[in-house]
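**Q** Questions regarding the structure given below will be posed in turn.
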Amino acid sequence: MKTDVAIIGAGPAGLLLGHLLRQAGIDTCILERQSAAHVLSRIRAGVLETVTTDLLERLDLAERLWDEALLHDGINLTDGDRIVRIDLKGLTGRPIVVYGQTEVTRDLIDAATDRGLEIVWEAADVALHDVESDRPHVTFRNGGLEQRLDARYIAGCDGYYGPSKQSIPASIASTFELVYPFGWLGLLADVPPCDEEVIYANHERGFALASMRSRTRSRYYIQVPIDTDIDEWPDDRFWDELEMRFGKSIAKRITRGPSIEKSIAPLRSFVFEPLRHGSLLLAGDAAHIVPPTGAKGLNLAASDVAYLADALTAALRANDTSGLDGYSDRALARVWKAERFSWYLTNLLHRFPTAGAFERRMQLAEFDYIAGSTAAQTAIAENYVGLPL
Ligand code: APR
Ligand code: PHB
């Protein structure tokens, strides 16, 4: 098999990149370890920056998004007593768009065949070869057969656990990681959300988040210790804890119902540098992870891919490699600012087991400062809606 760009991974990064390259008339093939059904079964975050919705519009794949998405002009922070609304639209001129990552993935997969975007599902044992040359290739097994895909470039969109970054020599790679001492226990239920907008809570008992997928489907999270066994959290216990953390005025608006999905996600901040080595480019979770507090994971994958698609197109169509030469620095500049914001919100809103009374007072003072400062609220708003590309 031969293509211009071999993409490893059919998550949001790989799918968005594949569609953008096809739109530019570039030949590409995505190799995905899992089945389409498995990829579509993943429940992930649901807040899109306009950077991401702009890409879907550029691909003319935003019809269902605009039919079904919820536009939010603000987010809310509460300490169990006060509710501080961050007026995103008023402070930045932009909303956020609530539309599940699963739905984005579904729209991109559904359009693949019509757009000539080849996806090899259940490609096993993907291995990268000769990435330092200008004739790299990928080997994999599919349908019991050993396969080889020759390409001019390889895009590693294979997530945190994928093989791509392992192909970059440790002698030139740098990794930066912070693992948080807690996780998020998330619950999905077909009940109406407790509010029109997303609410982040920092309570004495810990963090909680009220979000949604639609006006009839809610998504809630509570901070739990890192080694929590999910079997210790039957639905009733989850609802009881959630109501305690949001305080009475919000709790009375929470509608309970049976969970249709419940899972625990660890929280980590991670960056791998550089994002390019020879003919190999990294994008999305393959290169960086953020704690979900700032809802940046999918949106960072989208911004990496926005830069990378233009760089690959210029290289392959106009023999201009300046975009590729500058890709790593340019994408990392935005990644690190999103890492900072996600780390900042996580520190503001969670109860750290090792934190003492002073650290708790710092959180309360920060919250109090935000409540009274338009400048502080603007700083949160412009990072939350997404810094410009
Ligand atoms: N071979 C082929 N495919 C692989 C391999 C492999 N060895 N390893 C991983 N993959 C696939 C995974 O199955 C997954 O479908 O790569 C894809 C990576 O997708 P994501 O992990 O979703 O990462 P990305 O596309 O960068 O999107 C980031 O997804 O997980 C969320 O929170 C994350 O919102 C963020 C977004
Ligand atoms: C979600 O709706 O899943 C969600 C919303 C906001 C976040 C994280 C997750 O910060």
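**Q** So what are the radius of gyration and Dmax for the Cα set of the stretch 125-284, in Å?
**A** Looking at the stretch 125-284, its Cα Rg and Dmax stand at 21.8, 62 Å.
**Q** What is the local net charge at Gly9, summed over the other residues whose Cβ is closer than 15 Å to its Cβ (Lys, Arg +1; Asp, Glu -1)?
**A** Here the count lands on -3.
**Q** Along the stretch 201-212, what does the Karplus equation 6.51 cos²θ - 1.76 cosθ + 1.60 (θ = phi - 60°) give for ³J(HN,Hα), rounded to whole Hz, x for Gly and Pro?
**A** 10, 10, 10, 3, 7, x, 6, 8, 9, 10, 10, 7
**Q** Let me know the whole percent of all Cα-Cα pairs from the stretch 295-389 that are separated by more than 23 Å.
**A** Every Cα pair in the stretch 295-389 considered, those over 23 Å come to 44 percent.
**Q** Right, next: Counting just the Cα atoms, what span does the chain cover along each of its three principal axes? Round to the nearest Å and put the largest first.
**A** 61, 39, 39 Å, listed from the longest principal axis down.
**Q** On to the next question. In whole angstrom, note down how far apart the Cα centers of the stretch 101-154 and the stretch 350-379 are.
**A** 45 Å
**Q** Step through the table entries Lys89/Lys296; Lys2/Lys296; Lys89/Lys165; Lys2/Lys337; Lys89/Lys248; Lys252/Lys337, compare each Cα-Cα distance with 30 Å, and write down the pairs that go over it.
**A** The answer is Lys2/Lys296; Lys89/Lys165; Lys2/Lys337; Lys252/Lys337.
**Q** So, one more: Which net charge results when you count Lys and Arg as +1 and Asp and Glu as -1 among the other residues whose beta-carbon is under 11 Å from that of Tyr160?
**A** So the surrounding residues net to -1.
**Q** Same structure, new question: Percent antiparallel among DSSP beta bridges with both residues in the chain, to the nearest 5?
**A** Here the antiparallel bridges make up roughly 75 percent for the chain.
**Q** Could you compute Rg(Cα) / (2.2 N^0.38 Å) for the stretch 51-178, with N its residue count?
**A** Against the empirical 2.2 N^0.38 Å value, I get 1.50 for the stretch 51-178.
**Q** Can you work out the Karplus-derived ³J(HN,Hα) for every residue in the stretch 184-194? Use 6.51 cos²θ - 1.76 cosθ + 1.60 with θ = phi - 60°, whole Hz, and x for glycine or proline.
**A** 10, 8, x, 10, 10, 8, 7, 9, x, x, 7
**Q** Can you work out ³J(HN,Hα) from phi for every residue in the stretch 43-57, in order, using Karplus 6.51 cos²θ - 1.76 cosθ + 1.60 and θ = phi - 60°, giving whole Hz and x for Gly and Pro?
**A** Whole-Hz 3J(HN,Hα) from phi for the stretch 43-57: 9, 10, 5, x, 10, 9, 6, 5, 4, 6, 5, 4, 5, 5, 5.
**Q** For Ile119, what residues show an amide H to amide H distance below 5 Å, using hydrogens built from the backbone and excluding near sequence neighbours?
**A** Amide H to amide H, under 5 Å and 5 or more residues apart or across chains, Ile119 pairs with Ile30.
**Q** Given the options Val120, Val98, Val335, which has the most mean-square fluctuation in a GNM of the chain, springs set between C-alpha atoms less than 10 angstrom apart?
**A** Fluctuation is largest for Val120.
**Q** Relative contact order, percent, of the chain when contacts are C-alpha pairs under 8 Å separated by at least 6 residues?
**A** Answer for the chain is 21 percent.
We did not get these values from a lab; they are worked out from the coordinates using the rules stated. This is a predicted model, so every value here is computed, not measured. Using ideal geometry, Cβ is built from the backbone for each residue, glycine included, and neighbour counts are taken over all protein chains shown.
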